[in-house]
Amino acid sequence: MKYISTRGRAPELSFEEAMLSGLARDGGLYVPAEIPQMSRADIAALAGLSYEESAFRVMRPFVGDSFTDESFGDIIARAYAGFGHGARAPLVQLAPNHFLLELFHGPTLAFKDFAMQLIGQLFEDALKRRGERVTIVGATSGDTGSAAIEAFRGLDAVDVFILFPYGRVSEVQRRQMTTPAEANVHALAVDGNFDDCQARLKDMFNHFDFRDAVRLAGVNSINWARVLAQVVYYFSSAVSLGAPDRKVSFTVPTGNFGDIFAGYIAKRMGLPIDRLVIATNQNDILHRCLSSGDYRKGDVHASISPSMDIEVSSNFERALFDAYDRDGNAIGQLMDELGQGGFNVSQGALQRLREHFDSGRASEAETLATIAAARKTMGELLCPHSAVGVKVAEEHRDPATPMITLATAHPAKFPDAVEKASGQRPGLPQRMADLYERAERVTRVPNDLAALETHIREKIAS
Ligand SMILES: *Cc1c(COP(=O)(O)O)cnc(C)c1O
């Protein structure tokens, strides 16, 4: 299995190489050269399997010979062993034909654990085999950083540095990043906002001397291995509701388009998915684009669903690549235009996107109202991101087709918004009830590239 860049000017790589490098050197994103197919019989055979067994069957064809069957199976087993629910991704029913896919039973209570736990084990296995070490640096508005630290803590072949905006993440998110005591974990509070953190990270990747000297690696949501890990729960949940004999639709709270793009891959592999509904908060570039064809950056407005406060959606490039018949030159040109502020999707490409995707948005007031209503009529406490999804799903639901809305975080990760909306303060699950008592370890750093690089070099040398 070979991976190609969406901009068509980077070398083809194996799964393992694409995973270890993250971003392609031409600025593009890696995608599989071909999408492996699952037949109806293959899909039907997933019924009744454990999450781990389904994960093995769905992901195996993408991984090629980088990993043996045995080691890949062990990696999957280790990745999901720390989840707090035997089903890993359980479905609960909200209303007639409307289901919630709970993706928040991992160690940091957000769906990012599904991908990050797997990628941690894949990195460790690959690097040990190659006798290499890497430095992972990530920027986070909260959930990615905590999931990455949890996945890489204590691993031998990796140092992990996470940049987060000082004072702008929730207390639970901060504590999840600052309380792990392992020496290879480094939480860095940057004097700036999330965009600053992301910009400094990009600067490091573009500073090739530094990048090569510390063996910089990235695990943000453009890493193909993360998308792949998320394909699995589309299969497992659809099969629970009768696939391949019955079609289902999904609504996905979206920021960087990684999670919903995984649903699109599941559909391309043969899973009978009717609609994939993009749900955005007030930062609605994707909804605007699907509605009008105009993909133009707006200002980012802080919301109560902060993990979706994004106005440039990195993984959308992968969907555009297919919508433009995999023409890397066309994508390169669009991304240049985006640098100037935005672009118009061609009529043909827009039509192709609309064959798969619908879209909707939820305002802050609608999000709060949905949390309150779900608490009242379904007895379900939703996190604000999941509430955005439920609101948009209700607007797009067709009574004949089961709708599965992805619940992307546990309500206890965003207790203030949930309490404000519902009057009920969600408690942390038992297994992490002492989070507020654990000692914190964090370094405050200026929003300055040279200072950050010096800090990282000193830490990995010691
Ligand atoms: C990251 C995140 C999202 C958005 O996921 P994308 O893959 O970026 O679309 C939604 N909800 C929560 C809780 C998240 O952490």
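Would you mind pulling out the separation of the Cα centroids of the range 61-120 and the range 427-455, in Å?
25
Listed highest first by mean packing, meaning other Cβ atoms within 10 Å per residue, what order do 138-149, 42-53, 263-274, 433-444 come in?
Taking the mean over residues of other Cβ atoms within 10 Å, the ranking is 138-149, 263-274, 42-53, 433-444.
Going by average Cβ neighbours within 10 Å, how do the peptides 342-351, 25-34 rank, with the highest at the top?
Ranking the peptides 342-351, 25-34 by packing returns 25-34, 342-351.
Once the Cα gyration tensor of the range 1-70 is diagonalised, what are the square roots of 5 times its eigenvalues, in whole Å and ordered largest first, as equivalent ellipsoid semi-axes?
Output for the range 1-70: semi-axes of 28, 13, 9 Å.
With the crude spin-label approximation of a point 7 Å out along Cα→Cβ, what separation in nm comes out for Gln340 versus Asp398?
Inter-label distance under the simple model: 3.9 nm.
Only bridges with both residues in the chain count here: give the DSSP antiparallel percent, nearest 5.
Among the beta bridges of the chain, antiparallel pairing accounts for roughly 25 percent.
Using a 10 Å cut-off on Cβ atoms, rank the peptides 278-284, 456-462 from the highest mean neighbour count down.
The most tightly packed comes first, giving 278-284, 456-462.
What is the P(r) of the range 343-462, as percent of Cα-Cα pairs per 10 Å bin from 0?
Over the range 343-462, the share of Cα pairs per 10 Å bin runs 11, 26, 20, 22, 17, 3, 0 percent.
Along each of its three principal axes, how wide is the spread of alpha-carbon positions in the range 165-232, in whole angstrom units, largest first?
In descending order, the Cα extents are 36, 32, 27 Å.
Given contacts defined as C-alpha pairs under 8 Å and at least six residues apart, what's the relative contact order of the chain, whole-number percent?
Computed over the chain, the figure is 19 percent.
Let me see the pair-distance distribution of the range 415-462: every alpha carbon pair, 10 Å bin width, integer percents in order.
Answer for the range 415-462: a P(r) of 19, 25, 21, 26, 9 percent.
At 1.4 Å probe size, with every protein chain present, just tell me what the per residue accessible area of the range 165-324 comes to in Å².
So the range 165-324 comes to 30 Å² accessible per residue, rounded to a whole number.
In Å and from the alpha-carbon atoms only, list the Rg and Dmax of the range 100-188.
Cα only, the range 100-188: 12.9, 43 Å (Rg, Dmax).
Taking Lys459 as the anchor, which lysines have their alpha carbon closer than 29 Å to its alpha carbon, excluding any fewer than eight residues away along the same chain?
Hits, sequence-local ones excluded: Lys112, Lys128, Lys202.
Can you tell me the relative contact order of the range 259-388? Whole percent, Cα pairs under 8 Å, sequence separation 6 or more.
In percent, rounded to a whole number, it is 32.
Kindly give Rg over Rh for the range 1-136, based on alpha-carbon atoms, with the Kirkwood expression for the hydrodynamic radius.
That ratio equals 1.00.
How high is the relative contact order of the range 337-461, in percent, with contacts defined as C-alpha pairs under 8 Å that are six or more residues apart?
Averaging sequence separation for qualifying contacts and normalising by length gives 19 percent for the range 337-461.
Using a Förster distance of 45 Å, how high is the FRET efficiency between Asp26 and Gln430, based on the Cβ-Cβ distance and rounded to 0.05?
0.40
What three numbers, in Å, describe the spread of the alpha carbons of the chain along their principal axes, ordered from the longest?
Taking the Cα atoms of the chain, the three principal extents are 60, 50, 48 Å.
The values are calculated or read from the model by the stated rules, or taken from the named source; none is laboratory data. Owing to the predicted nature of the structure, the values given are computational and were not obtained by experimental measurement. Heads up, the Cβs are rebuilt from the backbone with ideal geometry, glycines too, and the neighbour counts pull from every protein chain shown. To get the accessible areas, we keep the full protein, side chains included, count just its heavy atoms, and leave off ligands, DNA and RNA. Shrake-Rupley method; radii C 1.70, N 1.55, O 1.52, S 1.80 Å.
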